[in-house]
Amino acid sequence: MREMILVRYGEIGLKGKNIRTFEKKLVSNIKKAVSHIPNITIIDRHGRVMVEYDPGMQEMVIESVKKVFGVVSLSPATQMDRDLENLKVQCLALITKLAEETGAKTFKVETRRADKNYPYTTPEINHAVGGYIFQNHGGLRVDVNRPDIMLTIEIRESAYVFSKRISGPGGMPYGSAGKGLLLLSGGIDSPVAGYLMAKRGLELEAIHFHSYPFTSERALDKVIELASRLTYYTGNLKIHNINILEIQKAINVNCPSEEMTILSRCFMMKIADRIAKQFYCKGLVTGENLGQVASQTIEGMTVTGSMTDLPVFRPLTAYDKNEIIEVAKRIETFETSILPFEDCCTVFLPDRVVTKPKLEKINASLALLDVEGLIDEAIKDKETIIIVGGEVVRRFKPNVE
Ligand code: ATP
Ligand code: MG
């Protein structure tokens, strides 16, 4: 028998055809996540996925699979002959090894009968295997409340026996909800927003705005690093990298100075809207949060939201800053996010900013500019960066020969 892990998934409320779509996507994502490990077999059985691997590969398999969205938990398991007499003997051998490794003194056996045709009931199996271990091991006692080893037996076409449960991230398989465009800045919030939406099954593409040479190469490196970290969950990520310096200059010359920030945001949304439609993204994702900074008010979101007819997902609106930081630390983007490089030009930032912009007034200011022309120029100069598994694999300007 090969070594294996059992992978559990399940989103309450999934029904019928949806379950099959979910399962297929999950299996294909698990396949991708372990594709760097040789000689893997993935078995897709109703309600469970099993991943078989060669000796010595367990650690790598667990590390890879436990990051896959949709996975609730996983367990390294031993496949056994399900004949009760054989099962008793094999369970004793397994628990003896586990007790030696861990110094455990107590145990409990629990059983799940996934195959309802198995000729023994759950209590009968628990009793038979538990009794056999107790009589033949010598050192182990039964503790039904807080056992050192909880030996779980799952009865299927074979018996699968395990003692450890490792948590996965939960959520929905990546890509099962279509594709969205993440407005990725260099800050703490947007990578977290991207992660949370990816966890709900939204495939991501990213767009980043900068004001080079007013902003530095290092600010861009920071964004690439953040995107790379996201690829540990998403596999790969494309960044559309767009210079908005000329747009900021035009705003600075033609519009009220206190509207600089909100007008820049409007352009970001308009450009994101265009790129999203070109690349089949059905929604936008931002790291906006309610009340965190002056520009993040309901009025501000009304204005920026009206620049696109796509749905704008703002998963952080209900998060406290410390909750966002907690996720950022867990997904290992925090340390990069706090590096002190500005993503967009701060040269034009006024002392006073409008916190409750009015849409008519903002539209009137936009009317002072050649909005479409400025956007065309910015997009023409776009750079595309493709990241796979944490590495930049390609960087090019699609519109420049
Ligand atoms: P973050 O930590 O994500 O930068 P923030 O708290 O700094 O967010 P803002 O600067 O107001 O908030 O930005 C709000 C959102 O607008 C960001 O979360 C991001 O989605 C988008 N955004 C802002 N600046 C940029 C940028 N330079 N490129 C792409 N998206 C941006
Ligand atoms: Mg920011």
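The values are calculated or read from the model by the stated rules, or taken from the named source; none is laboratory data. Because the structure is predicted, anything quoted here is derived from the model rather than measured. Cβ sites come from the backbone with ideal geometry, for glycine too, and all protein chains shown count toward neighbours.
Of note:
- Within segment 350-392, the set of residues being surrounded by 13 or more Cβ atoms within 10 Å (Cβ to Cβ), assigned to a strand (DSSP E or B) and of a type outside the set (S, T, N, Q) comprises E383, I385, I386, I387, V388, V392.
- Test: residue in segment 81-89 that is buried (at least 19 other Cβ atoms within 10 Å of the Cβ) and under 19 Å from M4 (Cα atoms): yes
- Matching helices (runs of 4 or more DSSP H) fully within segment 239-312 where at least 3 residues are of a type in the set (G, A, S): 260-278
- Within segment 347-389, the set of residues being farther than 23 Å from V253 by Cβ and modelled with pLDDT of 95 or more comprises K382, E383, T384, I385, I386, I387, V388.
- Of all residues in segment 203-215 being within 16 Å of ligand 2 (Cβ to nearest atom) and modelled with pLDDT of 95 or more, the one that is nearest to F22 (Cα to Cα): A206
- Test: residue in segment 220-235 that is hydroxyl-bearing (S, T, Y) and within 16 Å of ligand 2 (Cβ to nearest atom): no
- Test: I247 is farther than 30 Å from V71 by Cβ, touching a residue at least 12 places away in the same chain (Cβ under 8 Å) and over 17 Å from the mean Cα position of the chain (by Cα): yes
- Complete set of residues in segment 69-124 that are of a type in the set (A, V, I, L, M, F, W, C) and farther than 21 Å from G139 by Cα: F69, V71, V72, L74, A77, M80, L84, A114
- Scope segment 208-220; condition surrounded by fewer than 24 Cβ atoms within 10 Å (Cβ to Cβ), outside any loop (DSSP other than H, G, I, E, B) and either touching a residue at least 24 places away in the same chain (Cβ under 8 Å) or aromatic (F, W, Y) (or both); matching residues: R218, A219
- Positions within segment 96-105 being in a helix (DSSP H, G or I) and without any contact (Cβ under 8 Å) to a residue 60 or more places away in the chain, in sequence order: T96, K97, A99, E100, E101, T102
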